[in-house]
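Peer 1: Quick one: the structure is below, and I'll ask about it shortly.
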Amino acid sequence: MSVNSREQLLGEGDQDDELLAEVARRYYLDNTSKVEIAKQLELSRFKVARLLEDARSRGIVQIQIKNPSPIDRGLSEQLATALGVPRCVVTHTSGSPEQVRDQVAEAAARTVAPLVRDGDLLGLTWSRAVDAMVDHLDALPACTVIQMAGSLHSPAGGGSTMDLARRAAALAGGTAHAVHAPLVVDDIAAVTALRRQPGIADTLALADGLDISVVAIGAWRAGCSTVWDAVSEELRDEGLAGGAIAEVSGHLLDLDGRLVESPLEQMIIAVSVDQLRRPAERVALAAGTQRAPAVIAAVRAGLVSTLVTTTDLAREVLRHQAVSEREPDD
């Protein structure tokens, strides 16, 4: 039978699913060229091309391209430009808050590991996200790990900052310098005495030479900061009265990135905000759209050179930035 005869027999109405599937199978799965398929089925090459188009349009062929990386490169660059920071890593996330946190932690692990060099001083402050980040690390170059704040236990489970520093140091085959004290101490006289203890004072002083720091950005509100959950209602309210919207390593910040001089600042055992600004690489993790103002505050405070976050939070930060730019100056 000639090619024309074959095509006439098929007709437009006779291109059934079986023929479309057969042509698609030979082309997509068997890697047979259109010319060869045309010969095998006594069709013209143009007819084979038309059949393949029909197979796609009718859903018989569904082409799926899987991105090997969940990172949104375009949104990452847009956010970095808007915030004026060297790097943002914006990752697609889904699922429960715990699953989202773990996905951010995995992205952070992939970001932090290449930044660490042999001999570096790596500073960590405990949060659920940073704790999960260490779980996602396979290894680290030989570095020294500094605990940047006193121990804080999560009511939702997890370890403490001390455990976190030790685990990270084990991955690096290095040394962990711990702060053997709570992050928040109610007695200011006790805080002063603890800060002067040689082990604690020496560890906090080491933060002057940090090469890399990793922190989480909390919002000063319920459910958005482990420190909020650990202090009294009076301290929470005093922070809010002072304009606090963000919490980083125990320090409260207002929207302009200024340190809020609340009573809490006198009750924490942690590296100072000035020390947090010093590392060349300052990695911050954040998730949850409610943390958008806190992210902006932390950036304005100079605590972020690399932000690891989610697509929804990135878009919310961009929205806040756009609104801020439209508002007239007082």
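The values are calculated or read from the model by the stated rules, or taken from the named source; none is laboratory data. Since we're looking at a predicted model, the values are computed, not measured. In this analysis, Cβ positions are derived from the backbone assuming ideal geometry, glycine residues included, and neighbour counts consider all displayed protein chains. The accessibility values were calculated without ligands, DNA or RNA, using every heavy atom of the protein model including side chains. Shrake-Rupley method; radii C 1.70, N 1.55, O 1.52, S 1.80 Å.
Peer 1: With a 1.4 Å probe and every protein chain kept in, tell me what percent of the accessible surface of the chain is carbon plus sulfur. If you can, show how the numbers build up before the last one.
Peer 2: On the way: 7620 of 15930 Å².
The nonpolar share, carbon plus sulfur, comes to 48 percent.
Peer 1: Order the peptides 122-128, 81-87 from the highest to the lowest mean number of other Cβ atoms within 10 Å of their residues.
Peer 2: Working: 122-128: 27.1, 81-87: 15.0.
Order by mean packing, descending: 122-128, 81-87.
Peer 1: With Rg/Rh (Cα atoms, Kirkwood Rh) defined as stated, name the option among (1) 1.23; (2) 1.43; (3) 0.93 computed from the structure displayed.
Peer 2: (1)
Peer 1: Report the extension gain between residue 312 and residue 39 in nm, rounded to one decimal, defined as 0.36 nm multiplied by the number of residues separating them, less their alpha carbon distance. Don't skip to the answer; put the middle values down first.
Peer 2: Working: separation 273, 0.36 × 273 = 98.28 nm, distance 5.18 nm.
Here the answer is 93.1 nm.
Peer 1: Among 286, 170, 105, which one shows the highest mean-square fluctuation when the chain is modelled as a Gaussian network with alpha-carbon springs under 10 Å?
Peer 2: The residue that fluctuates most here is 170.
Peer 1: Another question, if that's okay. Given 88, 35, 112, which one lies farthest toward the positive end of the charge dipole of the stretch 32-123, if we put +1 on the Cβ of every Lys and Arg and -1 on the Cβ of every Asp and Glu?
Peer 2: Of 88, 35, 112, it is 35.
Peer 1: For the stretch 252-286, list residues with backbone N below 20 Å from a point placed 7 Å from the Cα of residue 189 toward its Cβ?
Peer 2: Answer for the stretch 252-286: 263-269.
Peer 1: Among 222, 206, 182, whose Cα projects farthest towards the positive end of the dipole of the chain, with charges put on the beta-carbon of Lys, Arg (+1) and Asp, Glu (-1)?
Peer 2: 206
Peer 1: Show 177, 92 ordered by accessible area, largest first, where the area counts protein heavy atoms only and the probe is 1.4 Å.
Peer 2: Working: 177 65, 92 95 Å².
Descending accessible area places them as 92, 177.
Peer 1: What is the distance in Å between the Cα centroid of the stretch 39-60 and that of the stretch 80-114?
Peer 2: Here the two parts' Cα centres lie 44 Å apart.
Peer 1: Quickly rank 275-285, 230-240, 25-35 as a protection proxy: mean count of other C-beta atoms within 10 Å, highest first.
Peer 2: Working: 275-285: 21.2, 230-240: 15.5, 25-35: 13.8.
The peptides rank, most packed first, as 275-285, 230-240, 25-35.
Peer 1: Continuing with the same structure: Quick one: if you stick a label point 7 Å off each Cα along the C-beta vector at residue 289 and residue 69, how many nm between them?
Peer 2: Taking the simple label geometry, residue 289 and residue 69 are separated by 2.7 nm.
Peer 1: Among 267-273, 253-259, what's the highest-first ranking by average C-beta atoms within 10 angstrom per residue?
Peer 2: Top of the packing list down: 267-273, 253-259.
Peer 1: To continue, here is another question. Go ahead and set up a Gaussian network model of the chain, Cα springs under 10 Å, then flag whichever of 200, 37, 71 fluctuates most.
Peer 2: 37
Peer 1: Averaged per residue, what accessible surface does the chain expose to a 1.4 Å probe, in Å²? Each step should come with its number before you reach the end.
Peer 2: On the way: 15930 Å² over 330 residues.
Per residue, the chain has an accessible area of 48 Å².
Peer 1: Right, another one. Taking the Cα atoms only, what angle lies between the long axis of helix 73-83 and the longest principal axis of the chain, rounded to 10 degrees?
Peer 2: 30 degrees
Peer 1: Can I ask one more? In percent, how large is the relative contact order of the stretch 219-268, given Cα pairs closer than 8 Å and 6 or more residues apart? Could the numbers behind the result be given before it?
Peer 2: On the way: 68 pairs, mean separation 15.2, N = 50.
Across the stretch 219-268, relative contact order equals 30 percent.
Peer 1: Contact order normalised by length for the stretch 191-282, with contacts defined as Cα pairs under 8 Å and 6 or more residues apart; what percent is it? Don't jump to the answer; show the numbers that get you there.
Peer 2: Values: 117 pairs, mean separation 29.6, N = 92.
Computed value for the stretch 191-282: 32 percent relative contact order.
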